[in-house]
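S.K.: Starting off with a structure, shown below.
What follows is calculated from the coordinates using simple rules that are stated; it is not laboratory data. Note that the coordinates shown come from a computational prediction; the quantities given were computed from them, not determined experimentally. Positions of Cβ are backbone-derived with ideal geometry, glycine not excepted, and every protein chain shown enters the neighbour counts.
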């Protein structure tokens, strides 16, 4: 029988730049994604289904003075449209990020919701 002990967390910076895909754990839920966009879409659906009220209180959520990560419209603070938006039930996420920033920004947002993000590989 395989061991169920937690696997050590990998550093997103240790990845080969062209390596595709990511596996992360948010709380007790594990996500396997082919891209940052795919990961964000899966996590957004999870958040809307399980943490919508808490998430809505944080919106719009900034990653810098010029960019939102999550908002209820696909427009950044200065009025520019999201570059690569995803939308689910009226919530929009900007997915135009590399893995390093994508994981870091998602981790910061989830921490505000009381959820831990563990990068598994």
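S.K.: I'm told residue 76 meets every condition in (1) over 22 Å from residue 27 (Cβ atoms); (2) touching a residue at least 40 places away in the same chain (Cβ under 8 Å) except one. Can you identify the failing condition by its number?
M.R.: Only one criterion is unmet by residue 76, namely (2).
S.K.: In region 68-113, which residue that is part of a loop (DSSP other than H, G, I, E, B) and under 14 Å from the mean Cα position of the chain (by Cα) is surrounded by the most Cβ atoms within 10 Å (Cβ to Cβ)?
M.R.: Taking region 68-113 and keeping what is part of a loop (DSSP other than H, G, I, E, B), we get 72-74, 76-80, 82-84, 89-90, 95-98, 113.
Next cut, under 14 Å from the mean Cα position of the chain (by Cα) only: 84, 95-98, 113.
Details: 84: 14, 95: 20, 96: 13, 97: 22, 98: 11, 113: 17.
Looking at residues that are part of a loop (DSSP other than H, G, I, E, B) and under 14 Å from the mean Cα position of the chain (by Cα), I get 97.
S.K.: Got a number for residues in region 56-65 being in a helix (DSSP H, G or I) and surrounded by 15 or more Cβ atoms within 10 Å (Cβ to Cβ)? Give the steps one after another, and end with the answer.
M.R.: So in region 56-65, the residues in a helix (DSSP H, G or I) come out as 56-57.
Now restrict to residues that are surrounded by 15 or more Cβ atoms within 10 Å (Cβ to Cβ): none.
The number of residues fulfilling the criteria is 0.
S.K.: Restricting to region 23-50, give me the number of residues that are part of a helix (DSSP H, G or I) and touching a residue at least 12 places away in the same chain (Cβ under 8 Å). Write out each step before concluding.
M.R.: Step one: of region 23-50, the residues part of a helix (DSSP H, G or I) are 36-50.
Right, trim to touching a residue at least 12 places away in the same chain (Cβ under 8 Å) and you get 36-37, 39-41, 43-48.
Total satisfying the criteria: 11.
S.K.: Provide a single number: the residues in region 41-55 that are within 17 Å of residue 111 (Cβ to Cβ) and either buried (at least 16 other Cβ atoms within 10 Å of the Cβ) or touching a strand residue (DSSP E or B) at 6+ places or on another chain (Cβ under 8 Å) (or both). Can you show your working first?
M.R.: In the first step, residues of region 41-55 are kept if they are within 17 Å of residue 111 (Cβ to Cβ); the result is 43-44, 46-47, 50-51, 54-55.
If we keep only those that are either buried (at least 16 other Cβ atoms within 10 Å of the Cβ) or touching a strand residue (DSSP E or B) at 6+ places or on another chain (Cβ under 8 Å) (or both) too, we end up with 43-44, 46-47, 51, 55.
Residues in region 41-55 being within 17 Å of residue 111 (Cβ to Cβ) and either buried (at least 16 other Cβ atoms within 10 Å of the Cβ) or touching a strand residue (DSSP E or B) at 6+ places or on another chain (Cβ under 8 Å) (or both): 6 in total.
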